[in-house]
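Beneath this line is the structure, given in C-alpha cells, with notes to follow.
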Amino acid sequence: MGNYIIFKAESMSAEGWEERRLAHTEAFTSILAEHYDSSNSPLPEPGYRLREYHRVSKFTDKHFPEASTHSRIGDWEVARVEEYGSDIPNHDFEAVVICYCRYSPVTTPLEPMPEIQVAQELQEV
C-alpha cells in the first residue's frame, strides 16, 4: 500500500500557468507533479521542494537521447499539506496527499544523474 501524492500550485494563475496543460485534453491545470509513494518515507512537509529534471545535450546517452541528464532542487516549495485517508476496504492507497506549493525561486546547482543501467538481456534484444 502507498500514498498518492499530488503537488499543485496554490492558484491557477501561479508562475508558469500557461505551460501547465493536461496531455489528453490540453485543459489548464494547477497540478505540478504526481507521485505514487510506497516507500513508507515521511510525507512531504512545508518547506519541501520538488526536484526539476533537465537534459543537457552534451551529456545525453545515445541509447536514451530524450532522458534527463541532470536535476536540481526546484523553485516550487510546499506551503501546506492535506492528507485524506481511506476507509474503503481493498483500496489502492493508504492516503491521498495534496501538497499546495508556492513559487519561490532559488539558485541551486545542476547535479548529474546516475547513468542509466540496462540489464544485459535487454541490451541483446
Next item on the list: Just name the residue that is nearest to Pro65 (Cα to Cα) out of those in region 11-29 that are assigned to a loop (DSSP other than H, G, I, E, B) and under 16 Å from the mean Cα position of the chain (by Cα).
Entry: Ala23
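Criterion first (within 13 Å of the chain's Cα centre (by Cα), surrounded by 10 or more Cβ atoms within 10 Å (Cβ to Cβ) and farther than 25 Å from Glu115 by Cα) does Leu32 satisfy it?
Taking the combined requirement at face value, the residue satisfies it.
Listed here are the residues, each with its yes/no results for (1) of a type in the set (A, V, I, L, M); (2) under 23 Å from Glu19 (Cα atoms); (3) outside any strand (DSSP E or B).
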| site | (1), (2), (3) |
| --- | --- |
| Ala33 | yes, yes, no |
| Ser39 | no, no, yes |
| Glu52 | no, yes, no |
| Lys58 | no, no, yes |
| Ala67 | yes, yes, yes |
| Arg72 | no, yes, no |
| Glu77 | no, yes, no |
| Val81 | yes, no, no |
| Ile88 | yes, no, yes |
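So that you can scan it fast, the table gives a plain yes or no per residue for (1) hydroxyl-bearing (Ser, Thr, Tyr); (2) within 22 Å of Pro112 (Cβ to Cβ); (3) open to solvent by less than 100 Å² (accessible area, probe 1.4 Å):
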{"site": "Phe28", "(1), (2), (3)": "no, no, yes"}
{"site": "Ser41", "(1), (2), (3)": "yes, no, yes"}
{"site": "Phe64", "(1), (2), (3)": "no, yes, yes"}
{"site": "Ala67", "(1), (2), (3)": "no, yes, yes"}
{"site": "His70", "(1), (2), (3)": "no, yes, yes"}
Note to self: Residues that are over 30 Å from His63 (Cβ atoms), at pLDDT 80 or above, within 16 Å of the chain's Cα centre (by Cα) and open to solvent by 50 Å² or more (accessible area, probe 1.4 Å): does region 86-97 have at least one?
What the structure shows: no
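The values are calculated or read from the model by the stated rules, or taken from the named source; none is laboratory data. Here the structure is a predicted model, which means the values were calculated and not measured. A quick note on method: Cβ atoms are made from the backbone with ideal geometry, for glycine too, and the neighbour counts reach across all protein chains shown. Protein only, heavy atoms only, side chains kept; ligands, DNA and RNA dropped before computing areas. Shrake-Rupley method; radii C 1.70, N 1.55, O 1.52, S 1.80 Å.
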